[in-house]
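Inspection log for the structure reproduced underneath, given as structure tokens.
The values are calculated or read from the model by the stated rules, or taken from the named source; none is laboratory data. Since this is a predicted model, take the numbers as computed values, not measurements. Every residue, glycine among them, receives a Cβ derived from its backbone with ideal geometry; neighbour counts consider all protein chains shown.
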Amino acid sequence: MAEKAELSGCVDKFFSNRGEDFGDVISALERYARHGHYLNTLESHIQEFIGNPLHELPTVDASRVVLELGDKWSLLLANQGSPTQQLYSQPFRGFICPINHPLTISRYSYSDEWKPDVLGQDIRVQPCTQTTIQPLSACYFDGRKELVDVAITAESTAVLKLFEVPTAPMEWAFDRTSHTPTGVIAADPSATRRQYILKVLGEIGSATSISHIERACKDDLHYVRWAAVQALGKLSGEKALGVLEEMSHQDPQVAIRSAAKEAIRNSARN
């Protein structure tokens, strides 16, 4: 298929930083989209999503099929879902092309202090522009420099998504109202699951959970340790306070030390 070969060639050059203009990729993706040979793929592979071990991870896709794979990129056909409760960063470059319904694309800028691989709560995103992308029209984004939020205008919206391999180890979550960070999602699915387990243990609030949470306080990944602090802050008792006190002085990340101190203050008020 000429459209497939053309698209693969453009994308390989672009994501290898060999000077290919993103406008050429947009044109190739739109021609690929208009060809339409892939549309039966979503239905024929829908069972792939049932029982998916990663189904608990945050995603804006109700379902997703990989159409093409390159060394540095993947082309996906997705059934775009409703917006998530939070905004999520995308640590990669990409292209989005709706097939059957328009999409609303909202772009946010990062603060000057933005460091996508460093945990911190003193940053926020700022709304910039909002545009509507018509069916079979593609747009480009650079997630290393901006946050892009996609909203559907109709149910069952099929979208082609051409994404670069992530260039940072995590995705950030931002509150949609305050635009401040609420957490991070590890690129490593196993680390992300540890974060969710810690969140559940904190919500349960049982003292028997403390030993499990305490082990997570020694995790190599600082965003897992951050989740452990949040969980400990929801528990009561001297054991939880003792672990928080230790983290408030000894954790190598200043944001985690500050979060531990805040959790101790909140516990005293309660």
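Observations on the model:
- Within the range 60-79, restricting attention to residues that are among the hydrophobic types (A, V, I, L, M, F, W, C) and in contact with a helix residue (DSSP H, G or I) (Cβ under 6 Å, 6 or more places away or on another chain), the residue that is modelled with the highest pLDDT is Trp73.
- The listed residues are Val254, Val229, and the only one of them that is surrounded by fewer than 21 Cβ atoms within 10 Å (Cβ to Cβ), among the β-branched types (Val, Ile, Thr) and out of contact with any Pro (no Cβ under 7 Å at 6 or more places or on another chain) turns out to be Val254.
- The set of residues in the range 203-253 being small (Gly, Ala, Ser), part of a helix (DSSP H, G or I) and under 21 Å from Thr182 (Cβ atoms) consists of Ala216, Ala227, Ala228, Ala231, Ser248.
This table checks each residue for (1) within 30 Å of Gln126 (Cα to Cα); (2) surrounded by 19 or more Cβ atoms within 10 Å (Cβ to Cβ); (3) among the charged types (D, E, K, R).
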{"position": "Glu171", "(1), (2), (3)": "yes, yes, yes"}
{"position": "Asp175", "(1), (2), (3)": "yes, no, yes"}
{"position": "Ser178", "(1), (2), (3)": "yes, no, no"}
{"position": "Gly205", "(1), (2), (3)": "no, no, no"}
{"position": "Ile213", "(1), (2), (3)": "no, yes, no"}
{"position": "Val224", "(1), (2), (3)": "yes, yes, no"}
{"position": "Leu244", "(1), (2), (3)": "no, yes, no"}
{"position": "His249", "(1), (2), (3)": "no, no, no"}
